[in-house]
1. Tell me what the protein assembly as shown gives for mean residue ellipticity at 222 nm when only DSSP H runs of n ≥ 4 count, each as -39,500 (n - 2.57), the sum divided by the residue total, rounded to 500 deg cm²/dmol.
2. Please compute the Cα-Cα pair-distance distribution of the stretch A:46-203 with 5 Å bins starting at 0, giving whole percents from short to long.
3. Suppose all protein chains stay in the model; what accessible area per residue would a 1.4 Å probe give for the protein assembly as shown, in Å²?
4. Over its Cα atoms, what ratio of radius of gyration to 2.2 N^0.38 Å does chain B give?
5. Among residues other than B:ASP184 whose Cβ falls under 13 Å from its Cβ, what is the net charge (Lys/Arg +1, Asp/Glu -1)?
6. Starting from the eigenvalues of the Cα gyration tensor, five times each then square-rooted, give me the equivalent ellipsoid semi-axes of the stretch A:142-295, largest first, whole Å.
7. Given an 8 Å cut-off on Cα distances and at least 6 residues of separation, report the relative contact order of chain B as a percent.
8. Can you give the angle from 0 to 90° between the axis of helix B:258-270 and the longest principal axis of chain B, with both taken from C-alpha atoms, to the nearest 10?
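The values are calculated or read from the model by the stated rules, or taken from the named source; none is laboratory data. The structure presented is a predicted model; accordingly, all values stated were derived computationally and were not measured. Positions of Cβ are generated from backbone atoms using ideal geometry, with glycine treated the same way; all protein chains shown enter the neighbour counts. Quick note on the areas: whole protein, heavy atoms, side chains included, nothing else; ligands and nucleic acids left out. Shrake-Rupley method; radii C 1.70, N 1.55, O 1.52, S 1.80 Å.
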Amino acid sequence: MSVFVDETTKVVVQGISPSSQGLYHGLRNRAYGTQVVAGTNPKRGGDVVEGIPVFASVAEAVAETGANASFISVPPRFAAEAIVEAAEAGVPFVVCITEGIPAHDEARVYNLLVRDFPGTRLLGPNCPGIISAGKCNIGITSGDIALPGGPVGLVSRSGTVFYQALYELTQKGIGQTTGVGIGGDPVPGTSFTDVLAAFEADPETRAVLMIGEIGGSAEEQAADFIKDHMTKPVVAYIAGVTAPPGRKMGHAGAIISGTHGTAKAKMDALSAAGVVVAQNPTEAGEKMAGIVRDLG
Amino acid sequence: MDLYEYQGKQYFARFGIPTSPGAPADTVDEAVAVADRIGYPVVVKAQVKVGGRGKAGGIKLAGDSAEVRAHASAILGMDIKGHTVGRVWIERSSDIAHEYYASFTLDRSAKKHLCMVSAKGGVDIEEVAATDPGAIARCHIDPVDGLTADTAAALVAEAGLHEEARAQAAELLVKLYTCYVEGDCDLAEINPLILTTDGRVHALDAKVTLDDSAAFRHPEWEEFAATETLDPRERLAKEKGLQYVGLDGFVGIIANGAGLAMSTCDVVEQVGGKPANFLDIGGGANAAQMANALEVISSDENVRAIFINIFGGITRGEEVANGIVEALGRVEIAAPIVIRLDGTNAEEGRAILAGRASDRLVSVPTMIEAARRATELAQGATR
């Protein structure tokens, strides 16, 4: 089994036009086998782009096609509005890859979903998306780096280290149930803890690889969850082991202030929770290979 | 982007937050003119984006124009923790009865805004938090609901602000929240927030960090960006839209995504190298962006080898390869380049690079091997 999405998931791509990122990645997702059933564009309702019917709104797309997931890659200034539109249309799973959404927009949308749209899960923003190996790929992950069949669930804050980790597993012949990129922004819609809980509940996921990075306290919260609720083995790598303190490393998520949020603090918390901690993505793959071998 | 104190105060003024009358000055004569205009006594304050200015002698009281002249000439050009003072802020001196603290920031673990108010202001608030946590009143604010006047009033009372300060402080707090939200701040902090001997509450300092992601809806931020002082390498990178942090090693790093860039630094360090920088070319980077990145890295004379680590998702391998080829034609790159390319359209990219392969441009299949190779090449070049 996979978590959050599978071969029955029907995707609507929000903000589709012949030259959009949404179309480019939507077509790649479709080529992977994902059911891309609709696109939206307020000015192009009624069009068909590359065989994908376009609707003026998400609500129409849902009513006409039964879409139950949405994919958002619109520019930052339109992203918050797009997420809310999907939630209002009752879409249960929304993937937003947009990078550079203002933090205040993210905080407002997150809390709006929690309060008014508890049936909608937002993945991202600023994330690579989700891939259920062999079944469904929503987002920008190159599908050929994932290997179907399990038994590993992958969750990552960083996008490109997510790819690296998938690749390390695949190279070693270790399959994945689902890879989930939660994104590196300050207020992600889906947290490590949400994904870890889903993997713990998924019978086909037998071990979890978690990729964190410096800054914030999401990894420490994950460590608490793992200690109290996880029975499955977890391997973790935290990017930024050698990052200097007080510097913003690229995105809002990755900043260390004082000793809080350092890679060491996170690695210590995870080790104390029984997690096998690796020093780099390659070592994480090797340690996971050992665990999978022992699972038999 | 962090603002200077004077910019923070100017930003506060847009939202009606009271501050002392004052103006910035870049020369001694300007400082005297400002002081004469606003009236004595005044405070001459060094404008640097670093704490501890007072202890370093960067904040002085002046009773007349001769004193302003003396202090401004001492402070302008002064070095405070590696920051050279190029501008002072002159403001009317306040008669302080009490010093408080107020701030808004995002609490990432609670996913809500956090307001902190304390009657113990004017000192390092982190020290207060460590030694006397009860002295700070805290309240999480749901961004959907915002901060109400009632909540603000309850907070200033809970923090133990003096009775005569509370009504004004609560009103100021609501304005500060508006500034924080509508002004797209990551941090809006006043320390100290003061009650004057004649019963007025206002901001004596301003610490504001703006959310760079919101710049598209704040054209007024351009004047702040213009005064930003960066390391020359960082300025060049910023102009080209690259995320760059200068480090002190000798292996130049280019990667796509902040996580992979950090991870690349980690691996280089683990195989015995030292990263010269962190550089994230971002998602969806094209050929021109890769060429820009190589240009920035090449401007750092400490770089002995360059490690390009790309795992394409939204970034396409052929674009990366074309960018490298373009850069080789455009910029003189002294250091050898080691590249590792995987992910979206990696094969197309590798094919393009294969046509250019030499001892100056080496393709390596894995991240660890590439880190080793780049480190070896860099160390060979240093010897």
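1. -11500 deg cm²/dmol
2. 2, 9, 18, 20, 20, 14, 11, 5, 1, 0
3. I get 38 Å² per residue for this part.
4. Numbers: Rg = 25.6 Å, N = 383, 2.2 N^0.38 = 21.1 Å.
Compared with the compact-globule rule of thumb, chain B sits at 1.22.
5. Numbers: positive: A:ARG77, A:ARG108, B:ARG14, B:ARG217; negative: A:ASP105, A:GLU106, B:GLU182, B:ASP186, B:ASP211, B:ASP212, B:GLU220.
Neighbour charge sum, excluding B:ASP184 itself: -3.
6. Details: eigenvalues 110, 52, 40 Å².
The equivalent ellipsoid of the stretch A:142-295 has semi-axes of 24, 16, 14 Å.
7. Values: 794 pairs, mean separation 46.3, N = 383.
The normalised contact order for chain B reaches 12 percent.
8. It is inclined by approximately 70 degrees.
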